[in-house]
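The values are calculated or read from the model by the stated rules, or taken from the named source; none is laboratory data. Predicted, not measured: the structure shown is a model, and the values here were computed from it. Note: ideal-geometry Cβ built from the backbone for every residue, glycine included; neighbour counts use all protein chains shown. Ligands, DNA and RNA are stripped out before the accessible areas are found, and what is left, the full protein with its side chains, is counted by its heavy atoms. Shrake-Rupley method; radii C 1.70, N 1.55, O 1.52, S 1.80 Å.
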Amino acid sequence: MSDYIHARELKPGEVVFYEGDVGDDAYIIEEGLIEISVRAGDGEKVIAALGPGEIIGEMALIANAPRSATARALKGTTLLVLRRNRLMKPIEKADPLTRLMLQMMTERLNEASRGMAGHNEGPGQTEAGRKALEEVRDIALRRVSTERQLRRATEAGEFSLHYQPIVGLADGRLAGYEALMRWYHTENGFVSPGEFIPLAEDTGMIVEMGRWALEQGLADHHDFAGALPAGAPQPFVSINVSAAQLFDPKETGALAAIISGSGVAPEQIKLELTESLLVEGPDHAAAALSRLKDTGVKLAIDDFGTGFSSLSYLHRFPFDTLKIDRAFVCRMAGDAGSRQLVQSIVDMAGGLGMDTVAEGIEDIGEIEMLRGFGSTYGQGFLIAKPMTAADMSRRIGQTPGPFVRTTQRPRSERPAARLAV
């Protein structure tokens, strides 16, 4: 229910939409005042002034028709934006937003009918309508607050990148590292990516944040190269790309420009994308991935095995790497099905000319099993937890050699601690 709800701030006199515009969004007035007017001869006729709790713009979406009026802010106003995608979900799901829209449509049509008949006083909003509106408001207000904090955090530089090493499973040597976005709130401390990344996706802020992550990640990677010991091979850097960045042709062009201006060899850059992108829009994804591939970078599909439809068309995409989801890796020791699935993914990747990265490794036995399957690389807390750029630079600068052991020591030589970094 919380998908696709975000805030829009208006200044006095700012127009929300004009009569005749294509309707893309509906809006709840959280605070302020919106004037609704229609064309009348050479001018406009004001037909309503709507305040907090009112909804505008919903009829054009549901009727798939142009806007029937112009909406303009009379004073500073906050709107809660309800996107077309969200409102056009199948009606049978009947979530509160859909019920709210249908309720408001019915009431307004009834009021119009009563007005034409000369009955100008309506019964007011129903209890069902009020309840649905309250549910939407509760979610939206929480998200508006977090969104504002996100914007403030961006301006204040509260975001940073941490790097988690990726090693070759054959020799335990550093092969690359994944850049992971972190947010340390000035008052609340660490904020989980699981909380702020989905919100950034919904509000569109992920585009700006993704550009920053790519620029910063490539700048750090360039600095890390200077810390490498003489003769050490150059590792790759993996950076995540969101659906919003992938599906906007202008944004893929912006990513290409960042890559070309970074001074980093494209073959050292690996862009990671989630499997859900392939399921939701395979044709669009194929075109966008081809544009990125033309820059010379490598492409990885993250959390492979958690989707449901990608196997049927995986061969269409120019991926170089499959990342095996940690959920399968951690169950290998005690679940024959998980072992077989991991082995099948490794075999399939090899058949398609791709390498594999096993995520979530926390035990040396998992490394031995994965190496036996033929998996190329590994990543997880056994190898190293995500670390700051400064710590990563120091770690890279150490004497060349295995980053982690990839075989069991004799029992008498094993250390007490599990981590071997």
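Couple of notes before you dig in:
- Beta carbons closer than 6 Å, at least 6 apart along the sequence or on distinct chains, pair a first residue in the range 12-26 that is over 19 Å from residue 45 (Cα atoms) with a second that is open to solvent by less than 40 Å² (accessible area, probe 1.4 Å) and assigned to a strand (DSSP E or B) for 25/81; 26/82.
- Residues of the range 226-250 satisfying the condition of being over 24 Å from residue 389 (Cα atoms), touching a residue at least 40 places away in the same chain (Cβ under 8 Å) and surrounded by 17 or more Cβ atoms within 10 Å (Cβ to Cβ): 243, 244, 246
- Residue in the range 320-338 that is among the hydroxyl-bearing types (Ser, Thr, Tyr), open to solvent by 10 Å² or more (accessible area, probe 1.4 Å), assigned to a helix (DSSP H, G or I) and modelled with pLDDT under 90 present: no
- Verdict on residue 366 being open to solvent by less than 40 Å² (accessible area, probe 1.4 Å), in contact with a Lys or Arg (Cβ under 6 Å, 6 or more places away or on another chain) and acidic (Asp, Glu): no
- Boolean, residue 369 is modelled with pLDDT of 90 or more and outside any helix (DSSP H, G or I): no
Per-residue answers, yes or no, for (1) at negative phi; (2) modelled with pLDDT of 85 or more; (3) open to solvent by less than 50 Å² (accessible area, probe 1.4 Å); (4) not in a helix (DSSP H, G or I):
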| residue | (1), (2), (3), (4) |
| --- | --- |
| 252 | yes, yes, yes, no |
| 257 | yes, yes, no, no |
| 263 | no, yes, no, yes |
| 272 | yes, yes, yes, yes |
| 277 | yes, no, yes, no |
| 283 | yes, no, no, no |
